[in-house]
Structure formats: structure tokens, C-alpha cells
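**Student:** Structure below; questions to follow.
The values are calculated or read from the model by the stated rules, or taken from the named source; none is laboratory data. None of these values were measured; they are calculated from a predicted model. All Cβ positions, even for glycine, are placed from backbone atoms using ideal geometry, and neighbour counts span all protein chains on display.
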Amino acid sequence: MRELTVPISDEDIRSVHIGEPVLLSGIMMTGRDAVHKWMSETFIKKTRQPQGDDLQVYEEIKKILDQGVLYHCGPVVSGIATKEYKFVAAGPTTSTREEPYQADVMKHFNIRGVIGKGGMGPKTLKGCMETPGVYFHAIGGAASFLAQTVQKVLGVYKLEEFGVPEAMWVIEVKDFPVVVTMDSHGQSKHSTLDESSKQVLDELLAKPY
Amino acid sequence: MQKDITNETLELIRRTSSSLPKDVEDRLRASIEKEEPGSAARGALETIMKNIELSRANATPICQDTGTPIFYVHYPEGWSTRKLKEQIRSAMVEATKRSFMRPNAVDAIYDKNSGNNLGGEDFPTIHFEEVDADQPLTVELMLKGGGCENVGRQYSLPDNSVGAGRDLAGVRKVVLDAVQKAQGYGCAPGILGVSIGGDRGSSYAKSKEVLFSKMGTRNADPEIAKLEERLTDEANQMGIGPMGFGGKTTVLDTKITGMHRLPASYFVTVSYMCWAYRRRKLTVKGEEVEYD
């Protein structure tokens, strides 16, 4: 199986195509609804003034995300009280909610891969071509299994402000299994399946009861 | 004598979150053979099976989205529902501390996570129903994740977009439409809970209630039972497959139930349950405690 290590080069990310299973290793960061909204409003569209530790966090995550991977995940984490963090359950969350932000976030931070589930829309697909980057589909619900690929929790940002599921967790993973479902060449497994299943649906709807 | 069920409820939550019911696991395992060797669909199902075993062995959540906790409590006449509610709520707090549950209750107006899975009077959801004094107490729990909850749909028939009239033929059409629109978003392969009738609220509640029954449980009416099987079969013809990777396994089972409706309304509600179909039951009779 194809293996990729973060940071991922342009050349490597251009070489993977839809349908391809990949094992990911290296450092990645989680980020979902609150994070995308915060990134977009504070640093990309700049409709909101940076507050508190925003600028400091921004400088640090820029380094993590450059040629990096962002994971749509709201984990269950143990050791919150003692700060001895351990990922207990950490599967992907539905990605489509980040569709309004994703392409801009990918380009702004130079992100090579977004991991999630359910796939994303045309704006993100265009973002994948331009950045370049891809969409990696993880197995939704396989949370205990995926948490085991997390070797170490390296840190967390905005834990207090966003809460456990929405905070930015920096993790080191080994052999995290994904399937490429949107690539940097404009191909999306999701749009082809949507079309083919719609065709079958139309045939079924035409059948008598 | 009313028994304090805090500890028993905590154990019920642990089991529900970490150990998938056998009937669901069996159905998932059987579907592996239907997918091509080496395909992404088969890979997904194999990972799902590994995850099920690992979660059970380590008592860790099957899915990090530990879902909306939905309780159905049947209590013997004379028991205090106020006390039962307090005990269930304190079990929920403890389950969250022990990482059986993710802090999952977010105040929608102030956007703040409560941190302990309690939120106002409505989170967790607890339904109470009284039974005779000599009957056991039963507590059924379903954990329904947000991904699949988001792809649930309600149709008001007639629905011209799919040519669905106010009859079972129309019901079939909108359920198939719901499956196509759900694609892999709800963590396919899914299980469909379908309620026909009611008002908008009761119809949604009923479409989840029907999901408490075991896999393969058919409606008592043979015509509805036939429609349940036909819908599962036709949904699987759409080729959406596990996770929407393409494949033969899109829906594992369909359960239909009916309610009375107003002459003016004809709702069809589809609740989509992800493969992580977490539901368990606690039975308490005197000092005897059973988990199913």
C-alpha cells in the first residue's frame, strides 16, 4: 500500500489519485467547525479582530500546517485534568460542513491533505487542484482503531475556548489508513457516485409499485 | 422498593458506547463477502470489524461521536421518575468523566459545551412509560451520532420532486430518495427507521423508536414487511457502498412503522442510523440485573 509521510511534497501529493488507499504517518492537526470559522474570520477574511492568544496560536499552527494535514475530527481524549492527554476515540467527522471555508484554508496555510468523511464539494475540489492538495477519506466510526494509530499527543490549542471536540489537537500518527476520494487533478469519487446512484434511483422510481 | 440505578446505568452506557450488539456485528461481517477483494468498500468493512473488536476489548467508544443519548425507561408503578431521571443524569456525568462518552452537549444559543453531557432538561433525552408494579424496570439506551442524524429526512406527501403520492408507493419513492441523498455521509452501511404518519415531531421520534428492534425484525403486516425487504434490496442497487466508496452494501436493514395522522398531513420520516448502531437494554428485577 502507498505510504506518505507528513510534510508531503507537491510532487508526492500530485502522484496520488482517487480510489487509492494510503497509509499516513507524521504530525497532523485536528480542526473542525469552530476552527474553520475562526481561521476564516480572523486570518483569511479578517472580519474579526484577533483576540487573546489568537496571533500566537496562528504563528504556531502555520508551521504545523505548511505542507501538512488537517484532520476533521472531534476526539475523545483522556487525561484532561492532568494534561496527560491520550486519544481514546478519534474517527473522522462529516467534512461537508467546512465546504464554505476549506479551499481558502488549504490555500492560506498551504495544506496538502484534508482528512474527513463524506467528501466535499466543487469549491474544495478546485482548492485541491490549486494548492495542491487532496481529500483523504477515513473510515467513519472506526474511532478506537484510528485512535490507536496516534502515537503521541504533542499539544493542543484553544482547548478552553473551543472545548475538547473542537480544539486543535496536534498529534503524531503512524500508518493512519485513508482512501483518496478527491485528488489534485480535479477528480472526485463523490461526484461520480452521486451521478451514478442518481441514475439508478431514476430507474427505480420509474418502476411500478 | 425502588432501587438506585446509577451504577447500573453507568454500566449500560459503557456497554452501549463500546460494545456493538451481536445482531449488528453479524450483519456487518456477513456483508464483507459481498464486496470485491481489495476494494475500498471491503477495506472499509474490514477496518470496521477490527474497530468493533478493539472497542469491546478496551471498553473505548466505538465512535468518538458518542451521539445523542436517547433513553426509554419502562418503570414499575410507584417508582419515582424524578429520582430515576436524577440517577440517569448522574450516570451520564460519570460516564463522561471516564471517557465512555465525549462531552457532547453544546448550548445552541451561547455555543458553549457543558462538558458533562447534561444540557437543560432535554439532554439526555429520557422517555418514561409506566408498567405494572410486578414488572421489571427496563432502561433502553440508543446513542445516535450526529453524522447520521444530519442525513435524516422528512417528506410531506405528495412530493412532486420524486412523484410520490399519499400511499405506500409514494413511501417507497421518498425512502429511496433519502438513501440517494444520504450517499456515504451518514456512515454507510446504514439502517433505516421509517415512520409513516404522525405530526412532524412525533413522526421523527417514532422513526427512532423503531430502531430499538433487532436486525431482521419485520413489521407484523406482511405487505409492510415486504416493502421493508424491497427497500433494503433496492437501496443496495444504487452502488453507494460502505462510506460511499462504491459497493454493494449501502443499507443493512429497513424498519417501517405507522402512526395515525391528520387528514391534512401525510409525513414520511426517515431516520438514518450509521453502522455504529449502538443500542442496549438494562433490566432490573429486584436484585437481579441483566444487560442485553
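**Student:** Which ones in the stretch B:3-31 are over 19 Å from B:L192 (Cβ atoms) and of a type in the set (A, V, I, L, M, F, W, C)?
**Tutor:** Passing the criteria: B:I5, B:L10, B:L12, B:I13.
**Student:** State the number of residues belonging to the stretch B:157-175 that are surrounded by fewer than 23 Cβ atoms within 10 Å (Cβ to Cβ) and under 19 Å from the mean Cα position of the chain (by Cα).
**Tutor:** Total satisfying the criteria: 0.
**Student:** Does the stretch B:38-57 contain at least one residue that is closer than 30 Å to B:S114 by Cβ, part of a helix (DSSP H, G or I), polar (S, T, N, Q) and in the same structural domain as B:G119 (by TED's automatic domain parsing)?
**Tutor:** Checking the stretch B:38-57: not a single residue is closer than 30 Å to B:S114 by Cβ, part of a helix (DSSP H, G or I), polar (S, T, N, Q) and in the same structural domain as B:G119 (by TED's automatic domain parsing).
**Student:** Also, I was wondering about something else. Select from the stretch B:26-53 the residues that are buried (at least 19 other Cβ atoms within 10 Å of the Cβ) and more than 19 Å from B:G184 (Cα to Cα) and list them in ascending order.
**Tutor:** Matches in the stretch B:26-53: B:I52 only.
**Student:** Restricting attention to the stretch B:139-176, which residues are of a type in the set (S, T, N, Q) and at the interface with chain A (Cβ under 9 Å from one of its Cβ atoms)?
**Tutor:** B:N150, the sole residue that qualifies.
**Student:** Considering only helices (runs of 4 or more DSSP H) fully contained in the stretch A:1-97, which possess at least 3 residues that are under 29 Å from B:G247 (Cα atoms), modelled with pLDDT of 95 or more and under 16 Å from the mean Cα position of the chain (by Cα)?
**Tutor:** Result: empty, no element qualifies.
**Student:** Assess whether A:T124 counts as being hydroxyl-bearing (S, T, Y), under 14 Å from the mean Cα position of the chain (by Cα) and within 21 Å of A:T42 (Cα to Cα).
**Tutor:** Criteria met by A:T124.
**Student:** OK, next. With the condition kept exactly as written, say whether any residue in the stretch A:157-176 is at positive phi, crowded, with 18+ Cβ neighbours inside 10 Å and modelled with pLDDT of 95 or more.
**Tutor:** Taking every residue of the stretch A:157-176 in turn, at least one turns out to be at positive phi, crowded, with 18+ Cβ neighbours inside 10 Å and modelled with pLDDT of 95 or more.
**Student:** Looking at (1) away from chain A (no Cβ under 11 Å); (2) surrounded by fewer than 22 Cβ atoms within 10 Å (Cβ to Cβ); (3) under 21 Å from the mean Cα position of the chain (by Cα), can you tell me which one B:K3 breaks?
**Tutor:** Against the list (1) away from chain A (no Cβ under 11 Å); (2) surrounded by fewer than 22 Cβ atoms within 10 Å (Cβ to Cβ); (3) under 21 Å from the mean Cα position of the chain (by Cα), B:K3 comes up short only on (3).
**Student:** Considering the stretch B:177-212 alone, what residues qualify as being in contact (Cβ under 8 Å) with a residue 60 or more places away in the chain, part of a loop (DSSP other than H, G, I, E, B) and within 14 Å of chain A (Cβ to nearest Cβ)?
**Tutor:** Scanning the stretch B:177-212 gives B:Q183, B:G184, B:G186, B:C187, B:A188, B:P189.
**Student:** Please verify whether the stretch B:124-134 includes one or more residues that are among the hydrophobic types (A, V, I, L, M, F, W, C), free of Cβ contacts under 8 Å to residues at least 60 places away in the same chain and under 26 Å from A:A81 (Cβ atoms).
**Tutor:** Scanning the stretch B:124-134 turns up no residue that is among the hydrophobic types (A, V, I, L, M, F, W, C), free of Cβ contacts under 8 Å to residues at least 60 places away in the same chain and under 26 Å from A:A81 (Cβ atoms).
Condition check ((1) touching a Cys at 6+ places or on another chain (Cβ under 7 Å); (2) surrounded by 12 or more Cβ atoms within 10 Å (Cβ to Cβ); (3) within 30 Å of A:E161 (Cα to Cα)) across all residues:
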{"site": "B:F71", "(1), (2), (3)": "no, yes, no"}
{"site": "B:E77", "(1), (2), (3)": "no, no, no"}
{"site": "B:R82", "(1), (2), (3)": "no, no, no"}
{"site": "B:K97", "(1), (2), (3)": "no, yes, yes"}
{"site": "B:N113", "(1), (2), (3)": "no, yes, yes"}
{"site": "B:G119", "(1), (2), (3)": "no, yes, yes"}
{"site": "B:D132", "(1), (2), (3)": "no, no, no"}
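**Student:** So which pairs qualify, if the first residue must be in the stretch A:91-104 and facing chain B (nearest Cβ under 9 Å) and over 17 Å from B:A182 (Cβ atoms), the second must be modelled with pLDDT of 95 or more and in a helix (DSSP H, G or I), the Cβ gap must be under 6 Å, and the two must be at least 6 apart or on different chains?
**Tutor:** Pairs that qualify, where the first residue is facing chain B (nearest Cβ under 9 Å) and over 17 Å from B:A182 (Cβ atoms) and the partner is modelled with pLDDT of 95 or more and in a helix (DSSP H, G or I), are A:G91/A:L146.
**Student:** Take the stretch A:58-87 and flag every residue that is within 14 Å of chain B (Cβ to nearest Cβ), of a type outside the set (F, W, Y) and touching a residue at least 12 places away in the same chain (Cβ under 8 Å).
**Tutor:** Residues satisfying the conditions are A:H72, A:C73, A:G74, A:P75, A:V76, A:V77, A:I80, A:K86.
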